[in-house]
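Chemist: Sharing a structure below in structure tokens format, with a few things to ask.
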Amino acid sequence: LMYLHPSWFLLPDPETAVRVAFASVAVWWAVFALPLFLFVPEPARDEEAPPAAGRAVAEGVRRLARTFREVRRRRTLFVFLIAYWLYIDGLDTIVRMAVYYGESLSLPSSSLITALLVTQFVGFPATLVFGRLGERIGAKNGILIGLAVYGSVTVFGAFITTAAEFYALAVVIGLVQGAVQALSRSLFLRLVPAGREAQFYGFYNMLGKFAVVLGPVLMGAVGKLSGSPRAGILAVLVLFVSGALLLARVDVERGRQEAVESS
């Protein structure tokens with residue numbers, strides 16, 4: 001709203017509105033972090049002097065390497081993480097490159113910003129509904145449904161010509177975006193040993209940070225070579241298809257048994 005209607009907030013122009021919006025995010029984080037800091041008790045831990053910075057970094061690298069070796073030994077968990085890396089790369093590429101793609105099709109920037117807002121507002125209730133669905137049909141099946149929707153969105157997105165169609169895509173993405181992310185975390189939790197969630201979730205989150213690499217490169221390279229951004233967006237389909245095929249091979253029950261045996 002600040003960007004689209006800066007005068008409502010007594011701001012002179014959209015550029016100033018963007019800066020104020022960033023500052024408002026900082027305030028938002030600070031305010032909503034307070035309940036965590038004030039009311040959530042910290043678990044007891046051994047009182048040890050913190051290591052020096054160099055030792056801490058070295059220990060972190062050693063633990064990361066040890067976690068990676070453990071992941072490699074658990075075939076089910078390893079296959080899931082490769083699948084997750086592929087399809088979450090596709091998901092993040094669609095989200096992060098949506099505005100650039102819309103601009104390449106000469107859609108108005110105000111429509112693109114509004115579409116992103118629509119995605120967020122649709123995403124919150126849709127994630128709750130998908131969570132219930134995941135409880136009934138299983139997190140893995142729920143993710144596969146979400147990936148099928150993303151694949152369809154990718155194909156349809158290659159042929160859009162109007163802002164209205166871009167809005168429709170935003171709504172559909174909102175229906176599954178948060179759901180795929182939430183169900184992926186839920187499924188991962190079932191595959192890791194009890195009591196070691198922090199160790200494995202650290203690795204999981206690090207993998208997610210490296211996920212927004214292949215998709216933009218693939219999209220940009222294909223778009224550049226073909227001379228068409230539409231071909232570029234279709235290239236992202238490879239990530240969803242390959243991720244879904246690998247996820248389909250994940251035996252959840254076997255993975256849970258492996259996690260129990262190593263707890």
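Chemist: Which sequence of Tyr201, Tyr150 reflects their accessible areas, 1.4 Å probe, from the largest down?
Modeler: Of Tyr201, Tyr150, the descending order of accessible area is Tyr201, Tyr150.
Chemist: Keeping all protein chains in place, calculate the accessible area per residue for region 224-263 (probe 1.4 angstrom), answer in Å².
Modeler: 59 Å²
Chemist: Right, another one. Between Gly195, Gly232, Gly151, find the one with the highest GNM mean-square fluctuation for the chain; connect C-alpha pairs within less than 10 Å.
Modeler: Result for the chain, Cα springs under 10 Å: Gly195 fluctuates most.
Chemist: Using only protein heavy atoms and a 1.4 Å probe, report how much of Val20 is accessible, in Å² to the nearest 10.
Modeler: Ignoring ligands and nucleic acids, Val20 comes out at about 50 Å².
Chemist: Next question. Could you check which residue among Leu207, Leu218, Leu34 shows the biggest mean-square fluctuation in a GNM of the chain with a 10 Å Cα cutoff?
Modeler: Sorting by GNM fluctuation, first place goes to Leu34.
Chemist: If you don't mind, another one. Let me have the 222 nm mean residue ellipticity of the chain computed from DSSP H runs of 4+ only, each contributing -39500 (n - 2.57), with the sum over all residues rounded to the nearest 500.
Modeler: The helix-only estimate for the chain comes to -27000 deg cm²/dmol at 222 nm.
Chemist: Which value, in debye to the nearest 20, describes the size of the charge dipole of the chain about its Cα centre when Lys and Arg Cβ atoms bear +1, Asp and Glu Cβ atoms bear -1, and nothing else is charged?
Modeler: The calculated dipole for the chain is roughly 840 debye.
Chemist: Over region 174-263, what is the relative contact order in percent, taking alpha-carbon pairs closer than 8 angstrom and at least six residues apart?
Modeler: In percent, rounded to a whole number, it is 39.
Chemist: Here is a further query. By per-residue mean of other Cβ atoms within 10 Å, what is the highest-first order of 180-190, 246-256?
Modeler: 180-190, 246-256
Chemist: Would you mind calculating the gained length between Thr16 and Ser110 on full extension (0.36 nm times residue separation, minus the Cα-Cα distance), in nm to one decimal?
Modeler: Here the answer is 32.2 nm.
Chemist: Same structure again: Which of the GluC sites (Glu not before Pro) across region 2-105 are loop residues per DSSP, with 12 or fewer other Cβ within 10 Å?
Modeler: Glu47, Glu48
Chemist: Give the calculated FRET efficiency between Leu245 and Trp29 to the nearest 0.05, with a Förster radius of 41 Å applied to their Cβ-Cβ distance.
Modeler: Between Leu245 and Trp29 the formula returns 0.60.
Chemist: Right, something else. Top to bottom by accessible area (1.4 Å), largest first, where do Phe210, Phe78, Phe37 land?
Modeler: Heavy-atom accessible area, descending, gives Phe37, Phe210, Phe78.
Chemist: Through the Karplus equation 6.51 cos²θ - 1.76 cosθ + 1.60, θ set to phi - 60°, convert the phi angles of region 82-91 into ³J(HN,Hα) values in whole Hz; use x for Gly and Pro.
Modeler: Values, residue by residue: 5, 4, 4, 4, 5, 6, 6, 5, x, 4 Hz.
The values are calculated or read from the model by the stated rules, or taken from the named source; none is laboratory data. Fair warning: this is a prediction, and the values are worked out from it, not measured in the lab. Cβ: placed from backbone, ideal geometry, glycine included. Neighbour counts: every protein chain shown. These area figures cover heavy atoms from the full protein model, side chains too; ligands, DNA and RNA do not enter into them. Shrake-Rupley method; radii C 1.70, N 1.55, O 1.52, S 1.80 Å.
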